[in-house]
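Structure, as structure tokens:
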């Protein structure tokens, strides 16, 4: 995670599973989703696996802090 500015997050990309090749992306992460559907709070310096559509972060289990388990799920879902 590079920066958090309100509902805008800027990410440095280590790896794309699908859909892009940019080294940095800016995404919209709507406020309040953490409490509503169990979304995550982005924190500068954190490492995340992120799913997004049209520049908006997908919550509901598709985006979370990077863990070996979630990385394995992304590998299965999106290919290695």
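The values are calculated or read from the model by the stated rules, or taken from the named source; none is laboratory data. Every value quoted in this text rests on a predicted model; they were computed, and no experiment measured them. Positions of Cβ are generated from backbone atoms using ideal geometry, with glycine treated the same way; all protein chains shown enter the neighbour counts.
Some points to look at:
- Residue in segment 63-80 that is surrounded by the fewest Cβ atoms within 10 Å (Cβ to Cβ), counting only those that are free of Cβ contacts under 8 Å to residues at least 40 places away in the same chain and in a loop (DSSP other than H, G, I, E, B): 80
- Considering the conditions (1) out of contact with any strand residue (DSSP E or B) (no Cβ under 7 Å at 6 or more places or on another chain); (2) surrounded by 14 or more Cβ atoms within 10 Å (Cβ to Cβ); (3) modelled with pLDDT of 90 or more, residue 14 is excluded by exactly one of them, (2).
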